[in-house]
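So the structure is just underneath, and the comments pick up after that.
Where a number appears in this text, it was derived from the coordinates with a stated rule and is not lab data. Worth saying up front: this structure is predicted, and the values here are computed from it rather than measured. We place every Cβ from the backbone using ideal geometry, glycine too, and count neighbours over all the protein chains shown.
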Amino acid sequence: MQGVQLAELVQTPPGVDEAMEAVAGFDAALADGLSRLGPRHSEAVDALAGAVSASPLGAAAADACGELAVGSISDTELSALAGARAALLGAVHDALLARLDGALGRTRAEWEEHPADAQEPPANLLAGARSWLRELAIAGWRGVDEELVSAADQTLEALWAEPRLRRLAVLLDGLAAELRVSCPVATMERIPERRWADLWTRAVLLAHSGSWTGGAAAVSGRLLPLGVDVHEHGTAVQAQLHAVLEPRGDGPVRLVRAAVAAAKVDTIVGPEVWDLLSGHPTLLAAIAERRAVDIADMPLTADGDLLWDEERAKAGEPADPFATARVRLPDAEAPAVAPLDRHPVRIAEPVLVEGYKAKRDGTFDLGGAAIDVDADRLPPSGPLTPQLVNASTACIGLLRWDAGRWTLQPLAVRSVAKKQPVEAHNGDWALGPTDPKAAKALARSGSAVAVLTERAGKLLRK
């Protein structure tokens, strides 16, 4: 990625600001409750409907506005408004991604519709989820209390028991947990309107149809790692590997992702989170030792995610991620994006950036064009630090769009020390810390994972 490519990205596509403004207006109305629409919020809801008036959603969104004006709030109206909001964010996503693909010269696969499941999920479970989501919309975030959150418990228990609705169950469970710890929401100094509206919208659409997933097809070939993005919070950790797949036989070289996850407690932090993923040794070895992986008949979803199966993976030869990024990444076909995932926050495109100058203001200067470096996303589970990023001369990272601007999230950097190339990758500690100081600190503190495992074993034996 050079300065000329970056210059093509920095200009916001036409209509993006207006679309985000319409979404923000609806989010503010949802925060106060759709049953209490004053003039300002009524105008915001009308503006949302007006933004999709020329689309197939136009009539349904306009009808929903009319019903809300007379105090009628049913599943039909909420589904139409959630669909309008998702459509606007999807349009923003598409415009930004098209701009990025054009700047990078990246080709992208077309989305293929997946036929509906032969057996529909239980309608009563979807209706129960929609009922709770409707109550949230009526009360608004500021009206959420413990009683309203607890009203979801029975529905959640039933959803968890239905494997076909697992995505909806996880989403509603997470939303309910966030609301519960925030109760009473009315006393919060600042409400995360965008985040909760995103979760609510996605849940309404999932509760409307049950599934939005594409199909999966078995693929074989050689997987060449680029870098790993570690997602972590108090109760879960996920390692998501971005890689290039060289398929066996015919077919284009593809950009793919492979993710593994585990539940955790908030006392397990830093390098120890990798111990929770030890059930995936082949993947961890590929990440830590920078090796290729030979995969055989591993499922690949329509939106580019490998459903990781250790029995279908075999460690291969060493593979330099920077060589892969330089030689194979430019011609790799990017995956299509699932309809429900068309959202600006979802954009995370791997790129190689070279020939830049790291500046003190937290940007990379590529010959007159600058991009913000998102150092806040550097995980504590690896050796990559802001200091190493600032000293780097090459970077493999993820291009993201956040708060109206493009940012670069580093996954790996290369620099020169004593005339020798030095590299640091997020996944270098996947098999344990390689830095002596980090290893000693971990040895002194002891392994929280080992202690918790031992205690759990004692409890089970009792």
(message) If each residue of separation counts as 0.36 nm, what is the full-extension length gain between Asp361 and Asp341 once their alpha-carbon separation is subtracted?
(response) 4.0 nm
(message) What is the sum of charges, Lys and Arg at +1 and Asp and Glu at -1, for the other residues whose Cβ falls under 11 Å from the Cβ of Asp198?
(response) +3
(message) With the cut-off at 1.5 for a/c, could you classify segment 142-201 from its C-alpha gyration tensor as rounded, prolate or oblate?
(response) oblate
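To the nearest 20 debye, what charge dipole does the chain have about its Cα centre, counting +1 at the Cβ of each Lys and Arg and -1 at the Cβ of each Asp and Glu?
1640
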(message) In whole Hz and in residue order, list the ³J(HN,Hα) couplings for segment 388-398 that follow from phi through the Karplus curve 6.51 cos²θ - 1.76 cosθ + 1.60, θ = phi - 60°; x for Gly and Pro.
(response) 5, 5, 5, 8, 7, 10, 8, 8, 9, x, 10
(message) Roughly how far apart, in whole Å, are the Cα centres of segment 1-75 and segment 393-427?
(response) 35
(request) Could you calculate the FRET efficiency of His233 with Lys418 from 1/(1 + (r/R0)^6), where r is the beta carbon distance between them and R0 is 41 Å, rounded to 0.05? (result) 0.60
(message) Suppose every Lys and Arg Cβ carries +1 and every Asp and Glu Cβ carries -1, with no other charges. What dipole size does segment 216-331 come out with about its Cα centre, to the nearest 20 debye?
(response) 280
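Take each complete run of DSSP H in the chain, measure how far its Cα atoms stretch along the helix's own axis, and keep only those covering 15 Å or more with mean Kyte-Doolittle hydropathy at least -0.5; list them.
16-32, 39-51, 58-69, 75-104, 123-139, 166-182, 193-209, 448-461
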(request) With a/c under 1.5 counting as rounded, go ahead and sort segment 216-331 into rounded, prolate or oblate using the C-alpha gyration tensor (a ≥ b ≥ c being the square roots of the eigenvalues; past the cut-off, prolate if a/b is larger than b/c, else oblate). (result) prolate
(request) Please work out which option in [x] 24.1; [y] 24.9; [z] 25.6 gives Kirkwood radius over Cα pairs in Å calculated from these coordinates, and answer with its label. (result) [x]
(message) Which of rounded, prolate or oblate describes segment 1-105 when judged by the alpha-carbon gyration tensor and an a/c cut-off of 1.5?
(response) prolate
(request) Set Lys and Arg Cβ to +1 and Asp and Glu Cβ to -1, take the dipole of the chain about its Cα centre, and tell me which of Ala44, His343, Thr282 lies farthest positive. (result) Thr282
